[in-house]
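Visitor: Below is the structure I would like to discuss, written out as structure tokens.
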Amino acid sequence: MRIARGAEEARATVLRRTPVEAAELPAAVREVIRRTFGGDLSVSEVVARILRDVREQGDAAVVRFNEEIDGVHGDLARSLEVSEEEIEGAYERLDKALVTALREAADQIRSFHKGQLEHALSGFHKDGVGQIVRPLSRVGIYVPGTTAVYPSTVLMTAIPAKAAGVPELVMATPARPDAGVSPLKLAAAHIAGVDRVFRAGGAQAIAAFAYGTESIPRVDKICGPGNVFVTEAKRQVYGTVGLDGIFGPSETVVIADERADAGMVAADLLAGAEHDELATAVLIVTSEEKGTTVLGRLQSQIAAITRGAVARASLEARGGIVIVDDLNQAVELANEFAPEHLCLHVERAERLLDHVRNAGAVFAGQASAESIGDFTAGPSHVMPTGGSARFASPLGVQDFLKATSVVSLDRKALAKLGPAAAAIARAEGFEGHARAIERRLEGQR
């Protein structure tokens with residue numbers, strides 16, 4: 001891990017962001033691109049071809065790309081929708097304790113987002129103007145993973161949508177070549193209230209949601225994370241369909257003082273790093289001695305986890321330790337970096353909350369493990385990355401609602417607002433606008 005001493009060195013090294021799209025594609029991925037498209041294409045070129053084909057050819061293109069890119073063949077490739085029988089049968093293939101854990105997580109997530117809804121749904125009407133709030137009609141969630149399975153992502157995207165009142169919620173996820181969609185994903189989808197599930201992965205799933213095919217319905221908004229091809233596909237279809245955001249690899253920043261438990265700090269950094277080789281895990285600490293101790297604990301803990309190689313690669317490439325003078329400087333740097341996760345391993349962590357401006361989620365105090373936030377705390381773990389916490393929020397019920405302005409003026413309100421509106425319309429050269437107002441005003445005389 002890199003070590004930076006002071007704010008300026010940290011900004012130039014550890015906290016300097018490297019664009020994910022600048023990373024070299026793995027050799028195996030480049031080979032699939034050559035085999036599928038007949039040449040070496042960039043990520044944006046691959047995605048543009050997939051979007052075009054799905055828009056023009058519908059199901060046939062989705063099936064072809066499922067076969068050629070994901071290696072899914074036979075009935076699994078041709079039958080895009082997962083049947084109700086398959087979903088119900090998923091429970092029989094899972095440990096009962098795990099199903100119970102999914103239900104408990106779903107209850108906590110649902111409770112949190114119902115609380116959000118109480119505040120988000122309040123329309124208003126005053127002096128002839130106001131707004132009404134309505135849920136989106138149809139939402140598509142994308143859940144990545146075949147080797148790794150993410151039932152938590154199913155819960156964290158589907159439950160806020162259902163809490164918001166979305167009447168139709170559909171899910172797309174890649175199928176495993178030998179076994180279809182994981183029963184764990186299917187059980188999570190059923191528990192969360194997903195209405196339909198489709199076997200479609202990558203950019204072809206995003207295209208199907210954006211344009212619609214014979215089997216997969218067009219949606220109003222697409223939510224959920226994915227790899228670089230999914231992210232680029234979301235970027236290219238934005239405007240045709242709504243998006244929750246453009247997400248990159250996971251990020252964790254830990255602020256620690258001299259009294260922080262080094263082992264706990266190391267554990268949180270390691271949890272952040274094991275997400276992905278492109279994940280970022282950074283410690284900002286007020287004591288160089290504490291930083292050195294944490295580094296030693298990291299080295300001993302990393303050997304004990306199954307994803308140790310992934311975590312090590314992440315820490316070597318994007319991890320780091322920043323030594324600062326005090327906690328004020330630590331929070332200032334964290335605000336500039338705007339991380340997805342911010343962990344406060346400091347005494348009386350609540351005192352720092354007033355100074356945190358930019359973070360997807362804050363985990364205040366030693367007991368508030370970031371890992372609980374990933375699974376059962378309640379707020380969605382789909383959060384802004386890449387510095388977008390400067391202007392974006394975690395996924396919530398507000399992402400599945402839209403406001404419609406309402407203007408219903410009585411004669412008194414018309415008399416008050418109309419003359420100024422007509423004057424501004426004429427100043428902008430819109431004579432027709434002005435006359436439309438003045439006819440109403442004259443009608444009152």
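No value in this document is a laboratory result; all are computed from the given coordinates. Quick caveat: nothing in here was measured; it's all calculated off a predicted structure. A quick note on method: Cβ atoms are made from the backbone with ideal geometry, for glycine too, and the neighbour counts reach across all protein chains shown.
Visitor: Using +1 on the beta carbon of Lys and Arg, -1 on that of Asp and Glu, and nothing else charged, what's the dipole of the chain about the Cα centre, debye to 20?
Guide: Computed charge dipole of the chain: roughly 1540 debye.
Visitor: A further question follows. Sort 106-115, 399-408 by the packing proxy (mean of other Cβ within 10 Å over each peptide's residues), most packed first.
Guide: On the way: 106-115: 18.0, 399-408: 14.8.
Output ranking for 106-115, 399-408: 106-115, 399-408.
Visitor: Related question: Each residue of the range 220-234 in order: what ³J(HN,Hα) in whole Hz does its phi give by Karplus 6.51 cos²θ - 1.76 cosθ + 1.60, θ = phi - 60°, with x for Gly and Pro?
Guide: Whole-Hz 3J(HN,Hα) from phi for the range 220-234: 7, 8, 10, 10, x, x, x, 6, 4, 6, 5, 4, 5, 5, 4.
Visitor: Charges on Cβ only, +1 for Lys and Arg, -1 for Asp and Glu, centred on the Cα centroid of the chain; of V166, L353, S42, which one is farthest towards the dipole's positive end?
Guide: V166
Visitor: Let me ask something else about it. With charges only on Cβ, +1 for K and R and -1 for D and E, what is the dipole size of the range 290-333 about its Cα centre, in debye, rounded to 20?
Guide: 340 debye
Visitor: I would also like to ask the following. What percent of all Cα-Cα pairs in the range 300-355 falls in each 5 Å bin, counting up from 0?
Guide: 4, 14, 20, 21, 15, 15, 11, 1
Visitor: How large is the translational diffusion coefficient of the range 268-368 in µm² per second when you combine the Kirkwood radius over alpha carbon pairs with Stokes-Einstein at 25 °C and 0.890 mPa s?
Guide: 174 µm²/s
Visitor: Stokes-Einstein D for the range 358-397 at 4 °C, 1.567 mPa s, Kirkwood Rh over Cα pairs, in µm²/s?
Guide: In µm²/s, the coefficient rounds to 121.
Visitor: So, one more: Taking Cα centroids, how far is the range 120-186 from the range 377-420 in Å?
Guide: 19 Å
Visitor: Along each of its three principal axes, how wide is the spread of alpha-carbon positions in the range 226-322, in whole angstrom units, largest first?
Guide: 53, 28, 18
Visitor: At 222 nm, what value in deg cm²/dmol follows for the chain if DSSP H runs of at least 4 each add -39500 (n - 2.57) and the sum is divided by all its residues, to the nearest 500?
Guide: Numbers: 19 runs with 211 residues, N = 445.
Rounded to the nearest 500, it is -14500 deg cm²/dmol.
Visitor: Which of the residue pairs K126/K162; K114/K234; K96/K185; K96/K221; K185/K402; K126/K221 have a Cα-Cα distance greater than 25 Å in the structure shown?
Guide: Cα-Cα > 25 Å for K126/K162; K114/K234; K96/K221; K185/K402; K126/K221; rest within.
Visitor: OK, next. Long-range amide H contacts for I284: which residues qualify at under 5 Å (H placed 1.01 Å from N, peptide plane, sequence gap of 5 or more or a different chain)?
Guide: Excluding prolines and chain starts, which carry no amide H, the hits are V254, I255, A256, V322.
Visitor: Take the alpha carbon atoms of the range 317-366, find their center, do the same for the range 31-103, and report the distance between the two centers in whole angstrom.
Guide: The range 317-366 and the range 31-103 have Cα centres separated by 39 Å.
Visitor: Additional query: Collect residues whose amide H, placed 1.01 Å from N in the peptide plane, falls under 5 Å from the amide H of R176; neighbours closer than 5 in sequence don't count.
Guide: V181, S182
Visitor: log10 I(q)/I(0), Debye, Cα-only the chain, no solvent, q = 0.06 Å⁻¹?
Guide: -0.32
Visitor: Further, regarding this structure: As I understand it, the dipole of the range 309-445 uses +1 on the Cβ of Lys and Arg and -1 on the Cβ of Asp and Glu, about the Cα centre. Which of V362, T404, S388 lies farthest toward its positive end?
Guide: Of the candidates, T404 comes out farthest on the positive side.
Visitor: With no solvent and one equal point scatterer placed on each C-alpha of the range 204-249, evaluate the Debye formula and give log10 I(q)/I(0) for q = 0.15, 0.21 Å⁻¹, two decimals.
Guide: Values returned for q = 0.15, 0.21 Å⁻¹ are -0.32, -0.61.
Visitor: For the peptides 26-37, 323-334, 166-177, what is the packing order when you average, over each peptide's residues, the other Cβ atoms within 10 Å and list the highest mean first?
Guide: Working: 26-37: 13.0, 323-334: 19.0, 166-177: 21.6.
Output ranking for 26-37, 323-334, 166-177: 166-177, 323-334, 26-37.
Visitor: Another question about this same structure. What is the magnitude of the charge dipole of the range 76-243 about its Cα centre, with +1 placed on the Cβ of each Lys and Arg, -1 on the Cβ of each Asp and Glu, and no other charges, expressed in debye to the nearest 20? Can you show the working numbers first?
Guide: Details: 18 positive and 17 negative charges, 85 e Å.
About 400 debye.
Visitor: Next question. Just want the answer: with Cβ charges of +1 for Lys and Arg and -1 for Asp and Glu, which residue in V133, A90, I323 is farthest toward the dipole's positive end in the chain?
Guide: Selected residue: V133.
Visitor: Pop out the ³J(HN,Hα) list for the range 355-369 in order, Karplus 6.51 cos²θ - 1.76 cosθ + 1.60 with θ = phi - 60°, rounded to Hz; leave Gly and Pro as x.
Guide: 9, 7, 10, 10, 6, x, 8, 10, 10, 9, x, 4, 6, 8, 5
Visitor: Follow-up. Determine by what factor the alpha-carbon radius of gyration of the range 304-445 differs from 2.2 N^0.38 Å, reporting the quotient.
Guide: Scaled against compact globular proteins, the figure is 1.83.
Visitor: Then there is this: Regarding the range 90-197, what's the average projected area of the Cα-atom convex hull, expressed in nm²?
Guide: Mean projected area for the range 90-197: 7.4 nm², to one decimal.
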